[in-house]
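Please read the structure below before turning to the comments.
Throughout, read-outs are computed from the coordinates displayed, never taken from laboratory work. Owing to the predicted nature of the structure, the values given are computational and were not obtained by experimental measurement. Backbone-built Cβ (ideal geometry, glycine too); neighbour counts: all protein chains shown.
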Amino acid sequence: MFDFLFKQRKDDADNPLENDSATIAPGTNIHYDPKLVAELKSDHGDLISLFTDIATTAEQRDSDLLTRQLAKFGTMLRGHILKENVRFYVYLKASLRSDESSLSIMQEFAVEMQQIGRAVTDFLHKYTTVPHWDDAQWAVFERDLNAVGGVLTKRIETEENTLYPLYMPPGSYN
């Protein structure tokens, strides 16, 4: 079910860096993956694209399509967060043990992402279970959608500019 987190890519077998025990984060079985940051950024692009579609659907007042899009967004976001938690944060935590400042930044990001994840999950649950959409409901949804969009946009920018550059192969942290 979570094969996407642990799958070994076909081209990894030909990449000696991927099979080198020196690429494992200390104290874990999590390897450095030179493609992980690109995957995470691609996820961000997919999430932003779907979020834009959700905003368009809200303007069109199509509650059935909106509910499906919100459910898809939730699935995509949970997959992204899980990938970050298992493959990214575990690796960074082990790799940054000797760099207290960077480790602290990473831990703050992890805690903040848990809070954002809960808030977005609450938002998604609230709006995928609306029994009747009227003008007032649409207005509240659009306000909440804009708030969530602002938080997610800021989070994506700070992850890509501040957090992701911390993800480096072992030996790069000295």
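Of note:
- Selection status of LEU65, among the aliphatic types (A, V, I, L, M) and within 21 Å of the chain's Cα centre (by Cα): no
- Filtered by the rule that a residue be of a type in the set (A, V, I, L, M, F, W, C) and crowded, with 17+ Cβ neighbours inside 10 Å, segment 62-89 gives LEU66, LEU70, PHE73, LEU77, ILE81, PHE88.
- Residues of segment 152-171 satisfying the condition of being farther than 10 Å from LEU40 by Cβ and either outside any loop (DSSP other than H, G, I, E, B) or within 14 Å of the chain's Cα centre (by Cα) (or both): LEU152, THR153, LYS154, ARG155, GLU157, THR158, ASN161, THR162, PRO165, LEU166
- Selection count where residues are under 20 Å from TRP133 (Cβ atoms) and assigned to a helix (DSSP H, G or I), scope segment 53-90: 20
- Contacts under 7 angstrom Cβ, first residue in segment 123-143 being assigned to a helix (DSSP H, G or I), partner acidic (Asp, Glu), 6 or more apart: PHE123/ASP144
- Restricting attention to segment 98-123, the residues that are in contact with an Asp or Glu (Cβ under 8 Å, 6 or more places away or on another chain) and closer than 16 Å to GLU160 by Cα add up to 2.
- Residue list for segment 23-52, filter: under 23 Å from THR158 (Cα atoms), surrounded by fewer than 18 Cβ atoms within 10 Å (Cβ to Cβ) and either charged (D, E, K, R) or without any contact (Cβ under 8 Å) to a residue 60 or more places away in the chain (or both): LYS35, ALA38, GLU39, LYS41, SER42, GLY45, ASP46, SER49, LEU50, THR52
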